[in-house]
Amino acid sequence: MIQENELYKKVADACRLETAEAFRLQSRIHRLHWFDRLDMWVKRDDELSFGVSGTKLRKHASIIPALKQQRIEEVVVIGGANSNNVLSAAQTLTENNIRITPFLLGPPPQKLGNAKLLSLFVDDSEIHWISRAHWADCEIMANNYAEKRMSQGIKIFVLPEGAHHPLALPGSLSLLVDILRNERELGVRFDHIFIDAGTGMVAQSLMAGAAALVRKMNFHIVVLAGSFEDFQVGLSRVIQYSMEFLEVAPEALPEYHIYYPTVAKSFGSVNKAIFREIQRIARVDGILTDPIYSVKLFLTARQTVLDKNLKGNILLIHSGGGLTLTGFMNHPMFRI
């Protein structure tokens, strides 16, 4: 078992943040109104950054210092054309004078939203477009490119899709550290935590961290990309990363449940119910959600809370990604 202060120090050191004042990976929590319950809260990781999604900022907070320590000059980033992680990486890498070379699924029929914003950071000629038919080999292609660049004397690093990598673990664990801070400051102890998952790195890190602390929490993960099986495989890898980073064998995992979204189940799909809910959350709680991730988390959480009649304090993690909405402004269903 690891103590809270030990966890904090390891995370802070890995993120090069040595004091509480410098620990900028902090977001607030507040009550939700739209559930009409007093025990529902939302963690506003969407407020950590305007352009970089909250959970992505956390992952990059430990990735970037490690890359700089290794004197990496170029990073290959893998993802979709509208990926929050790719757009986030374009910003954090450029800020730190590291070249980004995207390997993306596409090209899309037209540039909208994140894909359009990515053009501000990366010229089209620098993007390696991979067709869906060859997407399964994308990582092989990226590694082949990296080997060629290394032979030219370039220090290069390949960042997997969704930044699912050991270097992202300390930053991912910062979410747990921050939730514990929220609890202490507000005198609340959360019994249930809802979080969405793409590759699942942050959700898996939350669970591994809670296991290392022997903290009893019920986790509810809404799998929005990939399958339950993919999530379980990723979880096994993150548990191994955690054992090495924390230098402790985690206890039994806390109780957890995984779900597919209750509406628009296919990744990237939307419908009228999605956009109606985006409007409802905005008008009732003053929160912007996006149609790909966060609104599906909110909808699935509400249905789960009602169906299972969950008791105790419940926290939803709003991971950010509001810029995704810019790609849907002219969508025919976005007429609310």
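The values are calculated or read from the model by the stated rules, or taken from the named source; none is laboratory data. The shown structure was predicted, so the numbers you read here are calculated from the model rather than taken from an experiment. Methodologically, a virtual Cβ is constructed for each residue, glycine included, from the backbone with ideal geometry; neighbour enumeration extends over all protein chains shown. When the accessible area is computed, the model is the full protein with side chains, heavy atoms only, and any ligands, DNA or RNA have been set aside. Shrake-Rupley method; radii C 1.70, N 1.55, O 1.52, S 1.80 Å.
On the given criteria, is Phe231 open to solvent by less than 40 Å² (accessible area, probe 1.4 Å), closer than 18 Å to Lys296 by Cα and assigned to a strand (DSSP E or B)? First the steps, then the outcome.
On the way: open to solvent by less than 40 Å² (accessible area, probe 1.4 Å): yes; closer than 18 Å to Lys296 by Cα: yes; assigned to a strand (DSSP E or B): no.
So Phe231 does not fit the description; no.
Step by step: first the residues of segment 254-306, then only those that are modelled with pLDDT of 95 or more and of a type in the set (Phe, Trp, Tyr), then the one that is surrounded by the fewest Cβ atoms within 10 Å (Cβ to Cβ). Which residue is that?
The extreme case among them is Tyr260.
Just the residues that are touching a residue at least 12 places away in the same chain (Cβ under 8 Å) and assigned to a loop (DSSP other than H, G, I, E, B), please, taken from segment 217-228. Break it down stepwise before answering.
Taking segment 217-228 and keeping what is touching a residue at least 12 places away in the same chain (Cβ under 8 Å), we get 217-226, 228.
Result: Met217, Leu224, Ala225, Gly226.
Counting just the residues of segment 293-320 that are touching a Phe, Trp or Tyr at 6+ places or on another chain (Cβ under 8 Å) and aliphatic (A, V, I, L, M), which one comes out nearest to Ala81 (Cα to Cα)?
Leu297
Return the only residue of Phe245, Phe231, Phe328 being over 30 Å from Ala12 (Cβ atoms) and of a type in the set (Phe, Trp, Tyr).
Numbers: Phe245 fails: over 30 Å from Ala12 (Cβ atoms); Phe231 fails: over 30 Å from Ala12 (Cβ atoms).
Only one candidate qualifies: Phe328.
For (1) over 21 Å from His165 (Cα atoms); (2) part of a loop (DSSP other than H, G, I, E, B); (3) hydrophobic (A, V, I, L, M, F, W, C), each residue gets a yes or a no:
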position: Arg24; (1), (2), (3): yes, yes, no
position: Val42; (1), (2), (3): yes, no, yes
position: Leu57; (1), (2), (3): no, no, yes
position: Ala90; (1), (2), (3): no, no, yes
position: Leu93; (1), (2), (3): no, no, yes
position: Val122; (1), (2), (3): yes, yes, yes
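Determine which single condition Arg237 fails, assuming it passes every other condition in (1) open to solvent by 70 Å² or more (accessible area, probe 1.4 Å); (2) at pLDDT below 95; (3) on the phi < 0 side of the Ramachandran plot.
For Arg237, the exception is condition (2).
Keeping to segment 118-137, report how many residues are open to solvent by less than 50 Å² (accessible area, probe 1.4 Å), of a type outside the set (Ser, Thr, Tyr) and farther than 14 Å from Val76 by Cα.
Qualifying residue count for the region: 1.
State all residues of segment 143-162 that are free of Cβ contacts under 8 Å to residues at least 12 places away in the same chain, part of a helix (DSSP H, G or I), farther than 27 Å from Phe231 by Cα and not charged (D, E, K, R); if no residue qualifies, say none. Steps first, please.
Just the residues of segment 143-162 that are free of Cβ contacts under 8 Å to residues at least 12 places away in the same chain, to begin with: 144, 147-148, 150-153.
When the remaining residues are screened for being part of a helix (DSSP H, G or I), the result is 144, 147-148, 150-151.
Subsequent filtering for residues that are farther than 27 Å from Phe231 by Cα retains 147-148, 150-151.
Within segment 143-162, Met150, Ser151 qualify.
When only residues in segment 172-194 that are outside any loop (DSSP other than H, G, I, E, B) and of a type in the set (Val, Ile, Thr) count, which is nearest to Ala14 (Cα to Cα)?
Keep residues of segment 172-194 that are outside any loop (DSSP other than H, G, I, E, B), which gives 172-186, 192-194.
Still in the running and of a type in the set (Val, Ile, Thr): 177, 179, 193.
On the way: Val177: 13, Ile179: 18, Ile193: 25 Å.
Among them, the one singled out is Val177.
Please determine, by comparing only the residues of segment 216-234 that are more than 21 Å from Asn84 (Cα to Cα) and among the charged types (D, E, K, R), which one is modelled with the lowest pLDDT.
Lys216
Give me the pairs, please: first residue somewhere in segment 188-216 and under 25 Å from Gly268 (Cβ atoms), second residue anywhere and among the aromatic types (Phe, Trp, Tyr) and open to solvent by 10 Å² or more (accessible area, probe 1.4 Å), beta-carbon distance under 7 Å, and either six or more positions apart or on two chains.
What qualifies is Asp196/Tyr293.
Considering only segment 53-74, state which residues are in contact with a Leu (Cβ under 8 Å, 6 or more places away or on another chain), surrounded by fewer than 24 Cβ atoms within 10 Å (Cβ to Cβ) and β-branched (Val, Ile, Thr).
Passing the criteria: only Ile64.
Name the pairs whose Cβ atoms lie under 6 Å apart, with the first residue in segment 307-336 and surrounded by fewer than 20 Cβ atoms within 10 Å (Cβ to Cβ), the second aliphatic (A, V, I, L, M) and modelled with pLDDT of 70 or more, and 6 or more positions between them or separate chains?
Taking only residues 6 or more apart or on different chains, the pairs are Asn313/Val188; Gly322/Leu288.
From the list Lys68, Lys111, Lys116, which one is over 18 Å from Asn144 (Cβ atoms), out of contact with any Lys or Arg (no Cβ under 8 Å at 6 or more places or on another chain) and assigned to a loop (DSSP other than H, G, I, E, B)?
Working: Lys68 fails: assigned to a loop (DSSP other than H, G, I, E, B); Lys116 fails: assigned to a loop (DSSP other than H, G, I, E, B).
Going through Lys68, Lys111, Lys116 in turn, just one is over 18 Å from Asn144 (Cβ atoms), out of contact with any Lys or Arg (no Cβ under 8 Å at 6 or more places or on another chain) and assigned to a loop (DSSP other than H, G, I, E, B): Lys111.
So that you can scan it fast, the table gives a plain yes or no per residue for (1) of a type in the set (Gly, Ala, Ser); (2) open to solvent by less than 10 Å² (accessible area, probe 1.4 Å); (3) over 30 Å from Leu306 (Cα atoms); (4) assigned to a helix (DSSP H, G or I):
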residue	(1), (2), (3), (4)
Ser27	yes, yes, no, no
His30	no, no, no, no
Asp36	no, no, no, no
Phe50	no, no, yes, no
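Applying the selection to segment 138-158, what residues are out of contact with any helix residue (DSSP H, G or I) (no Cβ under 8 Å at 6 or more places or on another chain), among the aliphatic types (A, V, I, L, M) and open to solvent by less than 60 Å² (accessible area, probe 1.4 Å)?
Once the filter is applied, which keeps residues that are out of contact with any helix residue (DSSP H, G or I) (no Cβ under 8 Å at 6 or more places or on another chain), among the aliphatic types (A, V, I, L, M) and open to solvent by less than 60 Å² (accessible area, probe 1.4 Å), segment 138-158 yields Ala142, Ala146, Ile154.
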